[in-house]
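**Q** Shown below is the structure under consideration.
The values are calculated or read from the model by the stated rules, or taken from the named source; none is laboratory data. As the structure is a prediction and not an experimental result, all values here were calculated from the model. Glycine also receives a Cβ, built like all others from the backbone with ideal geometry; neighbour counts cover every protein chain displayed. SASA here: full protein model, heavy atoms, side chains in, ligands and nucleic acids out. Shrake-Rupley method; radii C 1.70, N 1.55, O 1.52, S 1.80 Å.
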Amino acid sequence: MSQAARLRWISLASVIVFIIVWAVVASSGWVREDALPSPAKLLATLKTMLAEGYSGSPLWKHVGMSVMRAVCGFLAAVILGVPFGILVGRHEVLGAVVAPIIGFFRPIPPIAFLTLFVFYFGIGESSKIGLIFMAAFWYVVLNCADGVRSVPQMLIRAGESMGLNARQLFFKVVIPAAMPSIMTALRAASAISWTLVVASELLGAQAGLGFIILDSAQYFNIPATFIGIILIGMIGLLWELTLSAVQRRVLHWQGRGPIVSVRRLQEGLVRRGAPGLTTRPFADQGR
């Protein structure tokens, strides 16, 4: 059995052990049943919610509304934040301009802006998506800017020695070298976007997993509260696993060292027919 397979089995076993311990504690009488429902009770509640919905809406609608808000806020942060972060990383003056602004807004908890978003955008979807966007945007910009600034000079010099112009250096050297930080930005933004679903649905939402959690807690429907929390956790895990798979696919070369990166750069340019390049290793071209 490979190491990766063994670790997956260990992870699965840890989940099973956790559920068993939960069931034992819930049925032992150490904790009140209404405070800690058993897994069997939650399964029965989930079946009821799948059949009857919650608060007049089917369960899939609550899930879909939360996913829609998180994805819209996340995509807006990525579409605007990635190019802006790259610009900030490439231009020192622009970085100096936006650094104090980002430094001021980033530490403020997004929930502090709840009432302002309601005032400016109302209680519709714009305020919820806007809150998620604002929180994720700063992390995308900062990680992308740091990734561009941290591109090894060895790669830059390698590209220049191969005769690349400024545009080719940017798209064939800087962007690929900054991709690890860009993917980190996407993963951080996705986690923040999904985490803020509950906070955004404080803004007068009538559907969503955050709404289920808040509404059921007010009426002491603790099993429904647990179902909402578990669904948020499971969807968040699925989202994280998807992005991790994309990252492994995009960054399959990561961890092989700068020399390998230089050779991959050279080989890729040769395949594209860049003038003046040979297939000799970069280290041998100066001889």
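**Q** Look through the stretch 205-232, keep the residues that are of a type outside the set (A, V, I, L, M, F, W, C) and surrounded by fewer than 23 Cβ atoms within 10 Å (Cβ to Cβ), and return whichever of them is nearest to ALA70 (Cα to Cα).
**A** Ranking the qualifying residues of the stretch 205-232, first place goes to GLN206.
**Q** List pairs: first residue in the stretch 160-176 and at negative phi, second residue of a type in the set (Ser, Thr, Tyr) and open to solvent by less than 40 Å² (accessible area, probe 1.4 Å) anywhere in the structure, Cβ distance under 9 angstrom, at least six positions apart or on different chains.
**A** Qualifying pairs under 9 Å: PRO176/SER261.
**Q** Restricting the stretch 191-204 to residues that are touching a residue at least 40 places away in the same chain (Cβ under 8 Å) and in contact with a Ser or Thr (Cβ under 9 Å, 6 or more places away or on another chain), which is farthest from LEU243 (Cα to Cα)?
**A** Result: GLY204.
**Q** Here's another thing I want to ask about it. Would a scan of the stretch 198-209 turn up a residue that is out of contact with any Leu (no Cβ under 8 Å at 6 or more places or on another chain), within 24 Å of PHE18 (Cβ to Cβ) and modelled with pLDDT under 90?
**A** So far as the stretch 198-209 goes, no, none of its residues is out of contact with any Leu (no Cβ under 8 Å at 6 or more places or on another chain), within 24 Å of PHE18 (Cβ to Cβ) and modelled with pLDDT under 90.
**Q** If I filter the stretch 112-130 for residues that are surrounded by 13 or more Cβ atoms within 10 Å (Cβ to Cβ), closer than 18 Å to VAL198 by Cα, small (Gly, Ala, Ser) and in contact with a Gly (Cβ under 9 Å, 6 or more places away or on another chain), do I get at least one hit?
**A** Yes - at least one qualifying residue is present in the stretch 112-130.
**Q** Same structure, new question: Failed condition for ALA26, given (1) without any contact (Cβ under 8 Å) to a residue 24 or more places away in the chain; (2) hydrophobic (A, V, I, L, M, F, W, C); (3) open to solvent by 80 Å² or more (accessible area, probe 1.4 Å), with all others met?
**A** (3)
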